[in-house]
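The values are calculated or read from the model by the stated rules, or taken from the named source; none is laboratory data. In this text, all values refer to a predicted model and were calculated from it rather than measured experimentally. Here the Cβ positions follow ideal geometry from the backbone for every residue, glycine too, while neighbour counts run over all protein chains shown.
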Amino acid sequence: MSNDILFLAEFAAGKPARSALELATGAAELASQSGGAAVALAYGSGAADGASALGAQGAARAVVLGDADRPAITYAAAAVATVRDADPLAVLAPATPNGRDLAAALVGSLHVPAFGPVRAARVTDGVLETEQATLQGSVITTARPADGAPSPSIALVLANTFTPTEGGTGSAEVVPAPEAADSAFAKAIVAESHETEAKVVNLEEATVIVAGGRGVGGEEGFKPLQDLAGALGGAVGASRAAADAGWIPYQLQIGQTGKVVKPSLYIGVGLSGAIQHRVGMQTAEHVIAINRDPDAPIGEFADLFVVGDLFQIVPALTEEIRRRKGSEGA
Ligand SMILES: Cc1cc2nc3c(=O)[nH]c(=O)nc-3n(C[C@H](O)[C@H](O)[C@H](O)COP(=O)(O)OP(=O)(O)OC[C@H]3O[C@@H](n4cnc5c(N)ncnc54)[C@H](O)[C@@H]3O)c2cc1C
């Protein structure tokens, strides 16, 4: 076994996904603890051209699994061959649909220990040690491979577990993946793809989030929140109650069974701040809550708690922000 830490790095049009930057930073951190190198498993369109830039976050090498626009699972055969060859201490995969597919293929093919979704990872006594939240976030479990377990450990890592470092100047050495045995994984191709009209917002990358809950009362009730998010250049998110009611797509749900976000500003509107919601947004830098109930749990951890009717406060806030922005531009 080597002391290297591998990580999955997804690309689109030559640009790394945010998860790739986060995991490059995380892998470099763990590699400095294990005495190995951080190595990217780069895949997706433009991966061959874009992969060397991961050196800025500390990757020493990038193995290109393939650089076509095709389903992530079709890179599984190359990923398995690369991991088998490298025999690293650990492989980090993002806890995204694509990351989960590839991690499952690795674990299933190599029969190695799996962890996740993890919210912290480190190398202790030469093995990967991870932390995950269980029982609705009320218990944090620390896990490591059993004595004598085969390497590597595969960890699914939650978004925002690592903060990408910026401004590094290193460049990673780019190498092709080893020849993979013919595999069912490589049999799917993309026949055609086109952009949909709906703009998919990546909540995990938003720096400002306005999240609505049951208190907004319906789909229409999200309109003032969208206006506020628009005025702030942010995105709209939701509690599970709002997503379950069908007022907003599930992709925008924040919490234990939704997205884990880390904006600089999170505004929770008409949501109570249940523990299952809180675990998805508790690392926000600043939290503002707008709620008509002065005893709502969110008031206990908000930096600013505004007690009142959201339908009066939110439009007034939006108007004031627009007015100030307008006068700045004048
Ligand atoms: C296994 C499990 C997983 C879960 N995962 C998640 C998850 O990922 N994310 C998540 O969010 N939840 C999750 N939940 C659900 C969670 O427990 C709560 O039920 C949910 O978060 C409550 O949503 P809410 O805050 O929108 O609704 P409520 O708790 O009903 O709160 C609504 C709030 O709106 C306020 N309000 C009402 N009208 C107004 C108004 N006009 N102006 C201002 N304020 C108003 C009320 O005072 C109240 O505080 C999970 C639960 C379980 C059991």
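Structural remarks
- Only a single item in (1) near the ligand (Cβ under 9 Å from one of its atoms); (2) surrounded by fewer than 21 Cβ atoms within 10 Å (Cβ to Cβ) is not met by Val314, and it is number (2).
- Selection status of Ala155, part of a helix (DSSP H, G or I) and in contact with a Phe, Trp or Tyr (Cβ under 7 Å, 6 or more places away or on another chain): no
- When region 282-297 is filtered for residues that are within 6 Å of the ligand (Cβ to nearest atom) and closer than 23 Å to Val139 by Cα, only Ala296 remains.
- If only residues of region 204-221 that are part of a helix (DSSP H, G or I), of a type outside the set (Gly, Ala, Ser) and over 18 Å from Ile275 (Cβ atoms) are counted, the one that is nearest to the ligand (Cβ to nearest atom) is Val216.
- Hits in region 254-281 - residues which are near the ligand (Cβ under 6 Å from one of its atoms), surrounded by fewer than 24 Cβ atoms within 10 Å (Cβ to Cβ) and modelled with pLDDT of 95 or more: Ser272, Ala274
- Some residue of region 44-66 being in contact with a strand residue (DSSP E or B) (Cβ under 9 Å, 6 or more places away or on another chain), under 22 Å from Ala146 (Cβ atoms) and not charged (D, E, K, R): no
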